[in-house]
Amino acid sequence: MNITGIKGMNDILPGEIATWQFLEQEARRIFHSYGFSEIRVPVVEKTELFCRSIGETTDIVEKEMYTFTDKSGNSLTLRPEGTAPVMRSFIEQKLYTQDPVAKLYYLGPMFRYERPQKGRYRQFHQIGVEAIGVDDPKIDAQILAMLCHYFDAVGIHDVELHINSLGCRDCRPAYRQALIGYLEDRLASLCSDCQRRYQTNPLRVLDCKVPTCQEATATAPSMIEHLCAGCDEHFSQVKGYLQNLAIRYTVNTRMVRGLDYYSKTTFEMVTSSLGSQNAVAAGGRYDGLISDLGGPALPGIGFAMGVERLVLMKNSKELPVERLPLFLAAMGQPAGDRAFLLMSALQKQGLCVEMDYTAKSLKAQMRRAGKFGARYVLILGEEELARQVVILRNMDDGSQQELPLGGVEKQLLTLLSNPAPTPAAG
Ligand code: HAM
């Protein structure tokens, strides 16, 4: 029986890798210009880290974690997200002693045992950023500006920025109580999930997709109306900066996040083009998280983008297809051996060259060169080898020239070091 991959965990094949690399390179380029540095943390952490940060009553911790016991009896979990591991590292490595302000970004796989469907997987990839140590609303606006800059740069335009404020530890408890009171009066209309969780996690009820729950909460009180003066002022300033930066947003008072560590500003970049998996990126402020995990009382804000969702939105056909500069077509073993040496020398000089390793007909080799989109094919048959020449064929206009075999390496390097125009694939 064939061994298959794991449900919800995808192979990323060579045919789609150009889109992935493009999305990753643009993230690195843009994040660097905003002063962010990369951090790499393990994919496995102690289970307790996620329970304490994401929250015991969240769907992620209750149902979705890949948790196992290692051979020493420790409970470990494949990371379901990147914020908690980055904060664990920030605290453990005492990065704050070098500078209390840290701007970090990360790329990598995350794991959640969710029901797989288009845009939702059990292993998925995030590109995330975390800005630690600044509570000024300017950083909230800058993070959002960087997120919008990224979407512009990668050419994904079918998105909308939704923002909200979830208040702080001073104002949220009163709101929570008000919401629980509201829900209690409508318990009969709530789904069984919401009836179970309305006491422990009432905000999640606002996010429930069951129509009766949505109806029942249509007039529910919103956090925005219950913000304390500090949170209200913070949110107003964030909105003011966004307006000054000409960033369009919608205030979505029903937006709650699936992780408990958020406070004040929260946001999602949503799209209508991915069905129910409409969040392409999401994040917010987490001012209490670092101290909750035993670190200094430093605030933080960040976001993570789902790379699979970005890939689905980014039409890979828009990316320029890289053409192969040179294909070597050799006939007969001696010519094949000589072409092999030439290929190795050119590759050492950084030129991208391919050849056929088996002695196929010229026609078959030309077909293969065509598959690579080769700009030039160098033909070396027995007759050419005997005369110490090669034929260089320009694949765009079909013209051919004969060149002396000695010194052809230098000539090819000069000719092919000018990059050819890369037309968009049809
Ligand atoms: P999150 O909303 O759980 O936030 O995930 C962020 C993004 O990851 C989502 O908007 C989505 O694009 C993608 N994503 C989540 N689950 C899946 C899945 N099963 N399959 C495919 N894509 C998925 C966080 O993870 C926070 N750590 C973000 C953050 C960073 N907040 C502050 N800093």
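Just checking, does the range 212-223 include any residue being in contact with a helix residue (DSSP H, G or I) (Cβ under 7 Å, 6 or more places away or on another chain) and closer than 25 Å to L298 by Cα?
Scanning the range 212-223, I find at least one residue that is in contact with a helix residue (DSSP H, G or I) (Cβ under 7 Å, 6 or more places away or on another chain) and closer than 25 Å to L298 by Cα, so the answer is yes.
What tally of residues in the range 131-157 results from selecting those that are assigned to a loop (DSSP other than H, G, I, E, B), touching a Pro at 6+ places or on another chain (Cβ under 8 Å) and of a type outside the set (D, E, K, R)?
Of the residues in that region, 2 qualify.
Going through the range 339-349 one residue at a time, which ones are surrounded by fewer than 19 Cβ atoms within 10 Å (Cβ to Cβ) and touching a residue at least 40 places away in the same chain (Cβ under 8 Å)?
A345, Q349, listed by residue number.
Looking only at the range 137-169, how many residues end up being without any contact (Cβ under 8 Å) to a residue 24 or more places away in the chain and of a type in the set (V, I, T)?
Step one: of the range 137-169, the residues without any contact (Cβ under 8 Å) to a residue 24 or more places away in the chain are 152, 157.
From what is left, the residues that are of a type in the set (V, I, T) are none.
Residues meeting the conditions: 0.
Suppose the filter is surrounded by fewer than 21 Cβ atoms within 10 Å (Cβ to Cβ), more than 10 Å from the ligand (Cβ to nearest atom) and at pLDDT 95 or above; does Q142 pass it? So that I can check it myself, show each step before the final result.
Numbers: surrounded by fewer than 21 Cβ atoms within 10 Å (Cβ to Cβ): yes; more than 10 Å from the ligand (Cβ to nearest atom): yes; at pLDDT 95 or above: yes.
So Q142 passes the test.
Do any residues in the range 117-136 that are farther than 24 Å from N10 by Cβ have Cβ atoms under 6 Å from those of residues that are within 6 Å of the ligand (Cβ to nearest atom) and polar (S, T, N, Q), where the two are at least six apart or on different chains, and which pairs are they?
As it stands, the answer is none, since no pair meets every condition given.
So that you can scan it fast, the table gives a plain yes or no per residue for (1) under 17 Å from the mean Cα position of the chain (by Cα); (2) more than 30 Å from T200 (Cα to Cα); (3) surrounded by fewer than 16 Cβ atoms within 10 Å (Cβ to Cβ):
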residue	(1), (2), (3)
A18	yes, yes, yes
R29	yes, yes, yes
G35	no, yes, yes
V41	yes, yes, no
V101	no, yes, yes
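Does P85 count as at pLDDT 95 or above, within 15 Å of the chain's Cα centre (by Cα) and of a type outside the set (A, V, I, L, M, F, W, C)?
The answer is no for P85.
Give the number of residues within the range 305-329 that are surrounded by 23 or more Cβ atoms within 10 Å (Cβ to Cβ) and either in contact with a Pro (Cβ under 6 Å, 6 or more places away or on another chain) or more than 25 Å from H125 (Cα to Cα) (or both).
4
Regarding the range 258-276, can at least one residue be identified that is of a type in the set (A, V, I, L, M), closer than 30 Å to G133 by Cβ and buried (at least 22 other Cβ atoms within 10 Å of the Cβ)?
At the first step, the residues of the range 258-276 found to be of a type in the set (A, V, I, L, M) are 259, 269-270, 274.
If we keep only those that are closer than 30 Å to G133 by Cβ as well, we get 259, 269-270.
Among the residues that remain, those that are also buried (at least 22 other Cβ atoms within 10 Å of the Cβ) are: 259, 269.
Yes, because at least one residue in the range 258-276 is of a type in the set (A, V, I, L, M), closer than 30 Å to G133 by Cβ and buried (at least 22 other Cβ atoms within 10 Å of the Cβ).
Tell me whether the range 90-111 contains one or more residues that are more than 14 Å from the ligand (Cβ to nearest atom), farther than 19 Å from K63 by Cα, in contact with a helix residue (DSSP H, G or I) (Cβ under 7 Å, 6 or more places away or on another chain) and not aromatic (F, W, Y).
There is at least one residue in the range 90-111 that is more than 14 Å from the ligand (Cβ to nearest atom), farther than 19 Å from K63 by Cα, in contact with a helix residue (DSSP H, G or I) (Cβ under 7 Å, 6 or more places away or on another chain) and not aromatic (F, W, Y).
Within the range 114-130, can you find the residues that are in contact with an Asp or Glu (Cβ under 9 Å, 6 or more places away or on another chain), more than 6 Å from the ligand (Cβ to nearest atom) and part of a strand (DSSP E or B)?
Across the range 114-130, the qualifying residues are H125, I127.
Here are some residues: V377, V390, V408. Which one is in contact with a strand residue (DSSP E or B) (Cβ under 8 Å, 6 or more places away or on another chain) and under 29 Å from T19 (Cβ atoms)?
Values: V390 fails: under 29 Å from T19 (Cβ atoms); V408 fails: under 29 Å from T19 (Cβ atoms).
The conditions single out V377.
Tell me whether the range 145-166 contains one or more residues that are within 15 Å of the chain's Cα centre (by Cα), near the ligand (Cβ under 10 Å from one of its atoms), among the hydrophobic types (A, V, I, L, M, F, W, C) and under 24 Å from L312 (Cβ atoms).
No, because not a single residue in the range 145-166 is within 15 Å of the chain's Cα centre (by Cα), near the ligand (Cβ under 10 Å from one of its atoms), among the hydrophobic types (A, V, I, L, M, F, W, C) and under 24 Å from L312 (Cβ atoms).
The values are calculated or read from the model by the stated rules, or taken from the named source; none is laboratory data. Note that this is a predicted model, so its numbers are computed, not measured. Cβ sites come from the backbone with ideal geometry, for glycine too, and all protein chains shown count toward neighbours.
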